[in-house]
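Undergrad: Just passing along the structure, written as C-alpha cells.
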Amino acid sequence: MFNYSKDGVVVSTVLGARTINKEGKYPVKIKGYYQKRPKYDSIGICMTKEEWNKLPDSKSFEYRKIKQAIESCFSLVRMNVEALVEKGIFSFNTLNLRLGKATGDTLNSVIRAKIEELRSEDRIGTMQFFKCTLVMVEEVGGKDIPFSAITVEWLQKCEKLWSKTKSVSTIGMHMRNIRTLMNEAKRAGVSKESQYPFGKGLFEIKTGIGRKKGLTKKLLKVISDYKSGNKMTNRYKDFWIFIYEQEASVSEPITQEEAAENTPEKREYTIDELIDMLGPDIECENEAEAEDTSSSEKEDNGEDIFAALDDWTEDDDEEEFSDEIIDMFDKTLEEKGLGDAYFERLERNIKEHEEAQKERELYIDEVKWILLIITTIGLLLAISLRICLMRKVGLYSIRLVVFIPIMTMMKLTVNIPL
C-alpha cells in the first residue's frame, strides 16, 4: 500500500500472512529491507485478507480511519529512515533506537535489540556473546541501566568487579560491545555527546597482554600421531595440522635468532592475536567464559583434547555437520588465497615439474650413450692405428682395420634404444 525507497533502503506496508489470530485476522506490518535482509515490525492493527485488499479504494469511514493509522506509522518510520540515510548511518539497530523500540533509553534494552537483530541475521556466535555482555552488565547495574548512568566511574566499577573472575582480554571484549552500542545510541540521538564515557582522558579499554604458550615438540608429536575411532575427530585433526603448517610457513623471520624463536614448535600467540584470528563471531555458550589465562599452568598431554572432541561429535549428525565445517574451511582457504584455483595451479606446476624432470633424465641418458659411443670409437681407432703402425701394413689394410670397427659401432648405435 505505502512504499518508500532510497539508497538501497526499502520501506513498505504488508499484511503478515504467516501468523493469524483467533479471529482469523493477520497483523499489518511495516517491512524494512536493507542489504538483502528484511525486517518486519507489527503496528498493532489486524485485518483479514479481504479487508486488506479493499482498504486502498474503500470510502468507508472505518476503513479510512484504519488507513490513516497505517499511514501515520509508515510516515514516522519513513521520516527516521530518511534522516539516517542522509547522514549515512542507517542500520536497523539505529532505526530502532530512534523509533524508541529499545524502550526507556536503557543499555539493557539496546543490548536486547542488538541480540534480536543478530538472531534475525543468524549470527548466533556474536548473539551469544552479547547475551553474556547483558548478563554481566545486569550483575553490576541491574535490569534498568539508563545511558546517563554509564559514566567513567560506572565502567571502572564494572572492570573492578569483573576482574575477579574474568581475564583482561575478556573484559576488553565486553567493554567493546558496550562502546559499540554507545556509539550507535549517540548517532541515533538517544545518547548525548557529553554522556559518552570512552576515549582518551576518559575510560580507555585495556588490552590484555596474555600469557604466551607455544606448543612443545612432545605435544605436537602427540597430536600428529593421534588416531581416533571417530572419523570426524581425525578430519578435524587434519584440518588443524594443515592450518597450523600454513600459519607457520608464512612467518618470515628477520634474523637467525628470530627464526629460531618462530619455529612451528615455538610459535606463540597472545589472547588478542587469537581473537583477531577468530574474528568477531566468538561463541559464548551457556553464558560461560573461557578459562582465565592468568591461572597457573597445567600440564597438557594432548589426549584430553581429542577425548573431548570425540564426545562432542559423537551425537551430532556427522554428515550434515561435516558439510558445514568443510564449507567454512573452504571459505577460509579462499580468503587466504588457498582455494581451488591455488591447488589447481599447484597441481599443474607439479605436473610440469615432473614432465621437465623426465625430459632431463632422458636427455642425460642420451648424452651418456653418445659419450660412451664416442669414447669407444676413439679407443678402437687408437688401437687399430697402433696395430697397423707396429706391423707396417699398407694403406688399404689400415682402412680395413680402422673403418671396420667404426662402421660396426655406428651400426650398434642405430640399433641401441635411447
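Undergrad: Using label points projected 7 Å from each Cα along Cα→Cβ, tell me how many nm separate LYS231 and THR165, to one decimal.
TA: Taking the simple label geometry, LYS231 and THR165 are separated by 4.2 nm.
Undergrad: Which GluC sites (Glu not before Pro) in segment 62-154 pass both tests, a DSSP loop state and at most 16 other beta-carbon atoms within 10 Å?
TA: Filter output for segment 62-154: GLU121.
Undergrad: How high is the FRET efficiency between LYS217 and LEU372 when r is their beta carbon distance and R₀ equals 45 Å, given to the nearest 0.05?
TA: The pair LYS217/LEU372 has a calculated efficiency of 0.35.
Undergrad: With the crude spin-label approximation of a point 7 Å out along Cα→Cβ, what separation in nm comes out for ILE383 versus ILE205?
TA: 8.9 nm
Undergrad: Modelling each spin label as a point 7 Å along the Cα-to-Cβ direction, I'd like the LYS54/ARG37 distance in nm, to one decimal.
TA: 4.0 nm
Undergrad: Once R0 is set to 51 Å, what does the formula 1/(1 + (r/R0)^6) return for the Cβ-Cβ distance between ALA356 and LYS87, expressed as a FRET efficiency to the nearest 0.05?
TA: With R0 = 51 Å, the Cβ-Cβ based efficiency is 0.25.
Read-outs throughout are calculated quantities, based only on the coordinates presented, and are distinct from any laboratory measurement. These numbers come from a predicted model, not from an experiment. Here the Cβ is made from the backbone with ideal geometry for all residues, glycine too, and neighbour counts use every protein chain on show.
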